[in-house]
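The values are calculated or read from the model by the stated rules, or taken from the named source; none is laboratory data. These figures come from a predicted structure and were not determined experimentally. Virtual Cβ from ideal backbone geometry, glycine too; neighbours counted across all protein chains shown. Accessible surface is based on the protein model in full, side chains and every heavy atom, while ligands, DNA and RNA are left aside. Shrake-Rupley method; radii C 1.70, N 1.55, O 1.52, S 1.80 Å.
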Number of protein chains: 2
Amino acid sequence: MALGLNQDLPLLLSSVLAHAAATFGDVKVIGRYANEKIDTDYAKLEARARRLASALRHIGYGPDCFVGSLAWNTHRHLELFYAATGVGAALHTANPRLPPAQIAYTIDFTAYHTLFIDPDTLALAEQLAPQLQTVRRYVMMAPAGALPPTSLPALLSYEDLLADGDPSFAWPVLDERSACLLCFTSGTTGPPKGALYTHRGTVLNALSTGGGNAWGLSADDAIIAIPGFFHCNGWAVPFFGPMYGASLVLPGRRADSGFLHGLIVEHGITVAPGVPTIFLDLLRHCRDTGVGLGRLNRLFSGGTAPPLAMMEAYLRDYGVRTIHGWGMTETTSGATMSFAPRHLPPDAAVAAMRTQGKPVFGAAIRIVDEDGTTLPRDGVTPGHLQVRGHWSAAGYFRRPDVDAISQDGWLRTGDVARIDADNTLHLVDRSKDVIKSGGEWISSQALEDAAARHPAVREVAVIAIPHPRWQERPLLIAVLAEPVTEQALHIHLANIVPKWWLPDTMVFVEELPHGPTGKLDKQALRRWLADGLLGIAAAATAP
Amino acid sequence: MALGLNQDLPLLLSSVLAHAAATFGDVKVIGRYANEKIDTDYAKLEARARRLASALRHIGYGPDCFVGSLAWNTHRHLELFYAATGVGAALHTANPRLPPAQIAYTIDFTAYHTLFIDPDTLALAEQLAPQLQTVRRYVMMAPAGALPPTSLPALLSYEDLLADGDPSFAWPVLDERSACLLCFTSGTTGPPKGALYTHRGTVLNALSTGGGNAWGLSADDAIIAIPGFFHCNGWAVPFFGPMYGASLVLPGRRADSGFLHGLIVEHGITVAPGVPTIFLDLLRHCRDTGVGLGRLNRLFSGGTAPPLAMMEAYLRDYGVRTIHGWGMTETTSGATMSFAPRHLPPDAAVAAMRTQGKPVFGAAIRIVDEDGTTLPRDGVTPGHLQVRGHWSAAGYFRRPDVDAISQDGWLRTGDVARIDADNTLHLVDRSKDVIKSGGEWISSQALEDAAARHPAVREVAVIAIPHPRWQERPLLIAVLAEPVTEQALHIHLANIVPKWWLPDTMVFVEELPHGPTGKLDKQALRRWLADGLLGIAAAATAP
């Protein structure tokens, strides 16, 4: 193999922050938390991160080590991202939104000694501490000064630790394939599973998703970091912010629309990432108060497809475009992005924005059938979505028992999707929720969306009910806001979905079961059905 | 070392084109050459590149092989970039603008059997063929049909070769550190030296320089490929075009302003890269004919600092911004880019655009003194510029005798520069041309620029003349357009440069010596001085 003669430097997270300090040193990093206002910049943040890194190394952290955080979006948490990974340790960002038992599971499963917390997670940490198996040291990421009274066994001050650090510490050279960050899935089936990211994958993810057909970042931008840093690496914001010299505003744990709106206007935010709920609240806030959105020109919407009406309103009333991305814990942050070319008329642009978009360079997508045969990209055929790329998981952390990768190296996502000829992705359903009826697939999500549009329906779930002839048929289970007949709902649905999708049976209940993060728990619904709790037979009979 | 669990895929050029074919398959690639009009797209181009790759492999090309091209900017040349590198061979893009003896030197030095040419380089190839040591097969990149009568020993048809290729050929997996492309410096001192790029470096260069603070590319863009593909990889256009889904327009060998203007307007070009001469011609064309520039919104200017008046005129009259980049053969394409934030007023924006800009992520710069000690980034101190990064050379191709890298791994650029505190680069001079006077440095380029502003000066060069007290002093040598006294020039210069920079001696000559590519040949001038041909003593005497 004739090798080329380029310098062989590793792709490391520390080089991202070092680049920002050298090149965008005076670009602002703003923090606004309950009792603290921070106005700093990338140069100062990098200097603090290096001090902290040296302190971490001094107390024994380096390659092969794990360290944990249970914290919201603050500048100290950001410093910790770089300091811990900069010495070669991997940072487990525990998700404070999970139920305590699941948080404890992820910490114990990873097994480390030191957990970084902040004032807003202190109570939670105190609740967790008695059951944690390995953690024996807590570090409070708060301003210097007296530590709060606490039941925690050993609580150190972050600022004291940092003050002891060596300001002349230089970032060490590491293997770019080393582990840097660890996020767990929220675990709707079985215990949470970990995705252990590499420096290389994380850097490439930030570089590519920060580029032109996706976030399109530059030093002209200011980003408000709304998604939790513990969720898919905070959607890469901690990395492509400094990489592209965009200013960062960190709101701590708060996400209420009045507060966010104030930050957006005051700090000239140009890009706001978040889930549609956040943007709906913000829109309502603007309408109710008659205020504008300052320099904001794009939303980055993830989690679930943003409503068309919302995207239209932002575009029409505020000139704000929506980018919609798809990704999962197993893809670090985004893998596909809905880039709407500027020459499209508003209608077509909004329709394009609502798809899951196209893969950015470094990610690839395909759909396969049950046997793993690749299906056509015809925009019509649904199949099991698989992804491949530099920042896709090659397996789960310490779970060789979970078979996540196809024989030819693609990650199974658990989603069902269609793909257009131009590689545009359309999610159809979760694989485990799609209804297989007579060899065709019915999207439970599409049926739910259709039913939810009826004013009498408060909340709705569609699951499969076994059927002797069709294999499976859809069963609609709804909580009503007001009385409605099954027939009226039937007519409503028939106007929206194909006739053969129409549920043969509907059940109205008082309440639907939800999982720990508020998601509809369809597993529980299936148990209700099997246990006869829905008042119908657990399987349909042939008509 | 705890490794992370991301998929470990190599960064390969073939994956760039495969991404474009899948995701931007219908994005146009336009070719306009003397006798041919091409309207194709990335999907078709990739299919043809795969066929050609299989044909190349069939005739024995693969890793460890070199193949050559002597050709202009056409779709076939672009296909060859991907086909040759896709099978693991390295493509030497010989520069048809070099003098024939130097072209032959670079081909013989690399030593390969097959040279791809096009109709516009046939005559040159015929001239070179008798002296080439290793080439025994020529491939004509022209439309299918009869080959032209030629004196070349063995001339094959590119389209015949491609037609024999296997359309189901799949890109092989290669080591990302393998060599992919080879460009030679133009060799003003000694024979040309080769920079042998890796797949990894070339992909990272394209990804990063295509990003927001540099070219800022997206699928909304259309690029006209003006810089020769043989010059710094065509400034990365062959790679970040497909990577970011930008449309490409390939003008063959032509660069006259009427022709370029027609393509810019007809094909909705948004970005035009080139040297200032091209942009000055284009500006004159627009002024003379009163035509506009269509969708064009930015120039990417390289080679030398663009004149302020030119940038002002483009911005004021056409709303076209200038991005100015610095790079060299040894840095693949760009390393720094002048990103002018949008909130700057026009004056400040134009001033920012004219600097050599800031390093993009993946490149780093520093200045050092004669001993290699790093100098401050104070915007004032000049020093020897060194670069480091993923796409910087680690040495010269088969030239272990050339010591290009500092002990701590930085590439010596041969430039003298200043660096601002915010990492903005200002080139001062070539190291070998800067005049060391009494421990301070005088920029020969700045003196030449100042003198050239006098209407009586047609062309000017400044070189050092040895001085017993000051070590060196500037000597100004000019070709006059009209008579002028030395005193008048002195007064003119004194208004522009510091007093201690003023040349003690001026010499007026009929003609200045030029190198093969038209550049002023200061080496020859130094010989003239030493040989007494300038009519003055070869060294100054103490005042």
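Starting with the highest mean, order A:244-257, B:479-492, B:461-474 by the number of other Cβ atoms within 10 Å, averaged over the residues of each peptide. Each step should come with its number before you reach the end.
Working: A:244-257: 22.1, B:479-492: 13.1, B:461-474: 19.5.
With the highest mean Cβ count within 10 Å placed first, the list reads A:244-257, B:461-474, B:479-492.
If we sort B:529-536, B:24-31 on the protection proxy, mean other Cβ atoms within 10 Å, highest first, what's the order? Display every interim value, and only then the final one.
Details: B:529-536: 13.2, B:24-31: 19.6.
Sorting B:529-536, B:24-31 by mean packing, highest first, produces B:24-31, B:529-536.
Which value results when the Cα radius of gyration for the stretch B:389-446 is divided by 2.2 N^0.38 Å?
Numbers: Rg = 14.0 Å, N = 58, 2.2 N^0.38 = 10.3 Å.
With N residues counted in the stretch B:389-446, Rg over 2.2 N^0.38 Å equals 1.36.
Please report, for B:H113, the nm distances (one decimal) from its label point, 7 Å out from Cα along the beta-carbon direction, to the equivalent points in the remaining copies, shortest first.
In nanometres, ordered from closest: 6.3.
Taking a cut-off of 16 Å between Cα atoms, list the aspartates and glutamates near B:K193, but don't count ones fewer than 8 places away on the same chain.
By straight Cα distance, B:K193 reaches B:D108, B:E330, B:D401, B:D403.
Under the Karplus relation 6.51 cos²θ - 1.76 cosθ + 1.60, θ = phi - 60°, what is the ordered set of whole-Hz ³J(HN,Hα) values for the stretch B:279-296, x standing for Gly and Pro?
6, 5, 4, 5, 4, 4, 4, 5, 5, 5, 9, x, 8, x, 10, x, 8, 4
For chain A, take the longest principal axis of its alpha carbons; what is the angle in degrees between that and the long axis of helix A:257-266, to the nearest 10 within 0 to 90?
The angle comes out at about 50 degrees.
Kindly write out, for the stretch A:500-511 in residue order, the coupling ³J(HN,Hα) from the Karplus curve 6.51 cos²θ - 1.76 cosθ + 1.60 (θ = phi - 60°), rounded to whole Hz, with x marking Gly and Pro.
Calculated HN-Hα couplings, in order: 6, 7, 4, x, 6, 10, 10, 10, 9, 10, 7, 7 Hz.
Where both residues lie in the protein assembly as shown, what percent of DSSP beta bridges are antiparallel, nearest 5?
Details: 104 of 176 bridges.
Just about 60 percent of them are antiparallel.
Restricting to bridges with both residues inside the stretch B:77-210, how much of the DSSP beta-bridge set is antiparallel, in percent to the nearest 5? Let's see the in-between values first.
Values: 5 of 14 bridges.
Looking only at bridges with both residues in the stretch B:77-210, the antiparallel portion is about 35 percent.
From other protein chains only, count the Cβ atoms within 10 Å of every residue's Cβ in B:355-367, then give the mean.
Per residue, the average neighbour count from other chains is 4.
Counting pairs of alpha carbon atoms under 8 Å apart in space and at least six apart in sequence, what relative contact order in percent does chain B give?
Values: 1145 pairs, mean separation 53.1, N = 543.
Relative CO of chain B lands at 10 percent.
Can you say what percent of the DSSP beta bridges in chain A, counting only those with both residues inside, are antiparallel? Round to 5.
Details: 50 of 86 bridges.
Taking every DSSP beta bridge with both residues in chain A, the antiparallel ones total about 60 percent.
Please report the relative contact order for the stretch B:311-397, taking Cα pairs under 8 Å with a sequence separation of at least 6, and give it as a percent rounded to a whole number. Please list the in-between numbers first.
Details: 125 pairs, mean separation 20.8, N = 87.
Answer for the stretch B:311-397 is 24 percent.
Pull up all non-local amide H partners of B:G357: gap of 5 or more, or a different chain, and H-to-H distance under 5 Å with H placed in the peptide plane.
It is B:L425, by chain and number.
How high is the relative contact order of the stretch A:123-191, in percent, counting Cα pairs under 8 Å that sit 6 or more residues apart? Before the final figure, lay out the partial values.
Working: 38 pairs, mean separation 16.7, N = 69.
Once divided by the residue count of the stretch A:123-191, the mean separation gives 24 percent.
Taking amide H positions as placed in the peptide plane 1.01 Å from N, state which residues far from B:D41 in sequence (5 or more) or on other chains have amide H under 5 Å from it.
Close amide H contacts, sequence-distant or interchain: B:V29.
Looking only at other chains, what is the average number of their beta-carbon atoms within 10 angstrom of each beta-carbon in B:195-201?
Numbers: counts 3, 5, 3, 6, 2, 4, 6.
Mean partner shielding for this stretch: 4.
What ranking, highest mean first, results for peptides A:345-355, B:49-59, A:494-504 when packing means the other Cβ atoms within 10 Å averaged over each residue?
Listed from highest to lowest mean packing, they are B:49-59, A:345-355, A:494-504.
By what distance, in whole Å, do the Cα atoms of the stretch A:332-413 stretch along each of the three principal axes, largest value first?
49, 26, 16
Got a sec to turn the phi values of the stretch B:462-474 into Karplus ³J(HN,Hα) couplings, 6.51 cos²θ - 1.76 cosθ + 1.60 with θ = phi - 60°, whole Hz, x for Gly and Pro?
10, 10, 7, 10, x, 9, x, 9, 8, 6, 9, 9, x
Determine the dipole magnitude for the protein assembly as shown: charges of +1 sit on the beta-carbon of Lys and Arg, -1 on that of Asp and Glu, nothing else is charged, the reference point is the Cα centre, and the result goes in debye to the nearest 20.
Details: 90 positive and 104 negative charges, 1 e Å.
Approximately 0 debye in magnitude.
Determine the calculated [θ] at 222 nm for chain B from helices alone, applying -39500 (n - 2.57) to every DSSP H run no shorter than 4 residues and normalising by the residue count; nearest 500 deg cm²/dmol.
Working: 16 runs with 158 residues, N = 543.
Using -39500 (n - 2.57) per qualifying helix, the result is -8500 deg cm²/dmol.
A:A142's amide H: which non-local residues (gap 5+, or another chain) put their own amide H closer than 5 Å, with H modeled 1.01 Å from N in plane and none for Pro or chain starts?
Amide H neighbours of A:A142, under 5 Å, 5+ apart: A:Y158, A:E159.
Report, as an integer, the average count of C-beta atoms from other chains found within 10 Å of each Cβ along B:390-402. Could you put the intermediate results ahead of the total?
Values: counts 7, 4, 4, 4, 7, 3, 1, 2, 1, 1, 0, 0, 0.
That average works out to 3.
Specify, per residue and in Å³, the volume enclosed by the convex hull of the alpha carbon atoms belonging to the protein assembly as shown. Let's see the in-between values first.
Details: hull volume 213.3 nm³, N = 1086.
Each residue corresponds to 196 Å³ of Cα convex hull volume.
Using a label point 7 Å beyond Cα on the Cα-Cβ vector, give me the inter-copy distances for B:P99 in nanometres, one decimal, shortest first.
Between copies, matching label points for B:P99 lie 8.2 nm apart.
Suppose you put the label 7 Å out from Cα in the Cβ direction; list, shortest first and in nm with one decimal, how far A:F259 is from each other copy's label.
6.3
Please compute, for the alpha-carbon atoms of the stretch A:182-302, the extent along each of the three principal axes and give them in descending order in Å.
Ordered largest first, the stretch A:182-302 gives principal extents of 44, 35, 24 Å.
On the full set of protein chains, 1.4 Å probe, figure out the accessible area of B:T277 and give it in Å² to the nearest 10.
Solvent-accessible area, nearest 10 Å²: 90 Å².
In the stretch B:105-146, carbon and sulfur make up what percent of the accessible area (probe 1.4 Å)?
Details: 890 of 1710 Å².
After summing per-atom areas, the C and S share lands at 52 percent.
Return the FRET efficiency for the residue pair B:R137, B:K37: r is the Cβ-Cβ distance, R0 is 35 Å, and the value is rounded to the nearest 0.05. Intermediate values should be presented prior to the final figure.
Details: r = 29 Å, r/R0 = 0.82.
Here the calculated transfer efficiency is 0.75.
Nearest 100 Å² is fine: how much accessible area is buried between A and B, summed over both sides, with a 1.4 Å probe?
Numbers: alone 23320 and 23310 Å², together 41030 Å².
For A against B, buried area totals roughly 5600 Å².
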